[in-house]
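Heads up, the thing below is written out as structure tokens.
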Amino acid sequence: MFKPVQVKPDVYWVGAVDWTERSFHGYTTDRGSTYNAYLILDDEPTLIDTVKVQFSDQLIERVSALIDPAKIRHVVSNHVEEDHSGAIPRIMELCPNADLITSSPHGESGLRAHFGDDLPYRPVKTGDTLCIGTRTLTFVATVMVHWPDNMVTYDAFDKILFSNDAFGQHFASDRRFDDEVEVEEALYEARKYYSNIVMPYGFNVGKALEALDGLDFDMIAPCHGVIWRSDVARILSLYHEWCAPTSNETAVVVYDSMWHATERMALAVVDAFVRLDVPCRLFDLKVDHISNVMPEILTSRYLAVGTPTLNSGMLPTVAWFLAYLKGLSPHTGWKGRAAIPFGSYGWASLGQKEVAEMIEKSGYEMPLGTISHQWAMSDEELMAFEQQVVDGITAFRG
Ligand code: FEO
């Protein structure tokens, strides 16, 4: 039932498709996901990564269709996180002749912490190689993309980069390659993946891309989603764009509202950006999930966040969003980006004050300060507010 898929001669996808995953530790995965593992059949058969523990049977059935697992000589664990390592204990039982290759020191320590000291760990560092017959594999650390232990495995013979989480997408499909699916959907999911998982570590992504620069590959085989073989240059170029501290002249307006006063202000902010000829997306946190906001935040120079005051603070939906934003903001800061805290209040502007405090912690500039309005704005006041945003952003742009 669970068949392997040839990736290149003697290289197979043997992972698992998770059609029904809808929340990946809080990030909505509307398209499900895959946990990709790869088997290289050479003199010393080698398994690259495993799968989430619940999908161990799929992995084992696919591997066993190609080879007696006892013949596998190496299992490479590029990343400790359990969506890729969960099946390791069972796999190592079935592969008694295999060592377990992992990054030093964090991969080894992480696997030991999860699975004990009895597995045949073989730690490797950047530049270490492993000859498995015709092929020689090279290991490259990709520290903090997005855990300390991350590494990738490069197969020069097949020109494949086994990239683990990097370049991945939560994208379940019956197809394995980028040119077999609607590639724009896969690229959107790659963007969503980057913005919800990798975004804080843009500096480290830049370092990892530098490390990969000299490698000659025509296929990127990540551990989630489709394998890149036709759009390798495009996904690489997008990663270069996403990790850079630059931004586009686009805006994101995020809000929640109680009696529509803050909502009307949010719509006025949208109108201001329309007048500035800045493409703008609006998200209502009552209906939009925070993980769907992040792909827009990733490259947008402007952010406006609106809340009324509720119980001496911001609405819980807005607090949820801002806590998420703070955690995902790049550790090197948002260079040259502007945010506008705004909203209405009845008798104390404490909601907007809290928004401003959180935005400051996220590293945005706030060139317009905090814009609070008691009760609901009249039409004239909304027009004045819109003009205030136009003038403030115009001055910020210089
Ligand atoms: Fe797909 Fe960091 O695990």
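The set of residues from segment 332-345 being farther than 15 Å from F283 by Cβ, modelled with pLDDT of 95 or more and among the aromatic types (F, W, Y) comprises just one member, Y345. Taking only segment 1-34 into account, find how many residues are within 25 Å of F157 (Cβ to Cβ) and in a strand (DSSP E or B). Number of matching residues: 8. Just so you know, in segment 221-262 the residues that are touching a Phe, Trp or Tyr at 6+ places or on another chain (Cβ under 8 Å) and within 25 Å of V287 (Cβ to Cβ) include one that is farthest from the ligand (Cβ to nearest atom), and it is A261.
Condition test on W242, is it open to solvent by less than 10 Å² (accessible area, probe 1.4 Å) and within 20 Å of the chain's Cα centre (by Cα)? So W242 fails the test.
Scanning segment 262-276 finds no residues that are free of Cβ contacts under 8 Å to residues at least 40 places away in the same chain and not in a helix (DSSP H, G or I). In summary, A166 fulfils each of the numbered conditions (1) in contact with a Ser or Thr (Cβ under 9 Å, 6 or more places away or on another chain); (2) more than 11 Å from the ligand (Cβ to nearest atom); (3) open to solvent by 10 Å² or more (accessible area, probe 1.4 Å) with the single exception of condition (2). When segment 169-191 is limited to residues that are of a type in the set (A, V, I, L, M) and more than 16 Å from L238 (Cβ to Cβ), the one that is surrounded by the most Cβ atoms within 10 Å (Cβ to Cβ) turns out to be A172. Does segment 106-113 contain any residue that is within 13 Å of the ligand (Cβ to nearest atom), surrounded by fewer than 21 Cβ atoms within 10 Å (Cβ to Cβ) and closer than 30 Å to S195 by Cβ? Yes, the conditions are met somewhere in segment 106-113.
The residues on offer are S237, S349, S329, S291, and the sole one that is assigned by TED's automatic domain parsing to the domain that holds G26 and either modelled with pLDDT of 95 or more or not β-branched (V, I, T) (or both) is S237.
For V5, the conditions (1) of a type outside the set (D, E); (2) under 28 Å from N196 (Cα atoms); (3) open to solvent by 10 Å² or more (accessible area, probe 1.4 Å) are fulfilled apart from (2). In segment 92-103 there is no residue that is more than 16 Å from the ligand (Cβ to nearest atom) and on the phi > 0 side of the Ramachandran plot. A residue that is under 15 Å from F162 (Cα atoms) and surrounded by 24 or more Cβ atoms within 10 Å (Cβ to Cβ) occurs nowhere in segment 88-95. For V293, indicate whether it is within 21 Å of T28 (Cα to Cα), in contact with a strand residue (DSSP E or B) (Cβ under 6 Å, 6 or more places away or on another chain) and not polar (S, T, N, Q). In short, yes.
Apart from one condition, I67 fits all of (1) open to solvent by less than 40 Å² (accessible area, probe 1.4 Å); (2) within 30 Å of E189 (Cα to Cα); (3) in a loop (DSSP other than H, G, I, E, B); the exception is (2).
Do we find that H146 is out of contact with any Pro (no Cβ under 9 Å at 6 or more places or on another chain), within 13 Å of the ligand (Cβ to nearest atom) and assigned by TED's automatic domain parsing to the domain that holds Y12 in this structure? So H146 fails the test. Is it the case that segment 76-86 has a residue that's more than 16 Å from the ligand (Cβ to nearest atom) and either open to solvent by 20 Å² or more (accessible area, probe 1.4 Å) or not aromatic (F, W, Y) (or both)? No, segment 76-86 has no match at all. Taken together, V152, V124 contain a single residue that is assigned by TED's automatic domain parsing to the domain that holds V80, within 16 Å of the ligand (Cβ to nearest atom) and of a type outside the set (S, T, N, Q), which is V152.
Looking only at segment 259-285, filter to residues that are under 16 Å from Q374 (Cα atoms) and in contact with a strand residue (DSSP E or B) (Cβ under 7 Å, 6 or more places away or on another chain); which one of those is surrounded by the most Cβ atoms within 10 Å (Cβ to Cβ)? Among those residues, the one meeting the criterion is M265. In summary, T138 fulfils each of the numbered conditions (1) away from the ligand (no atom under 16 Å from the Cβ); (2) part of a strand (DSSP E or B); (3) out of contact with any Gly (no Cβ under 9 Å at 6 or more places or on another chain) with the single exception of condition (3).
The values are calculated or read from the model by the stated rules, or taken from the named source; none is laboratory data. Model, not experiment: these values are computed from the prediction. Reconstructed Cβ throughout: ideal geometry from the backbone, glycine too, with neighbour counts over all protein chains shown. Just the protein is used for accessible areas: all its heavy atoms, side chains included, with ligands, DNA and RNA removed. Shrake-Rupley method; radii C 1.70, N 1.55, O 1.52, S 1.80 Å.
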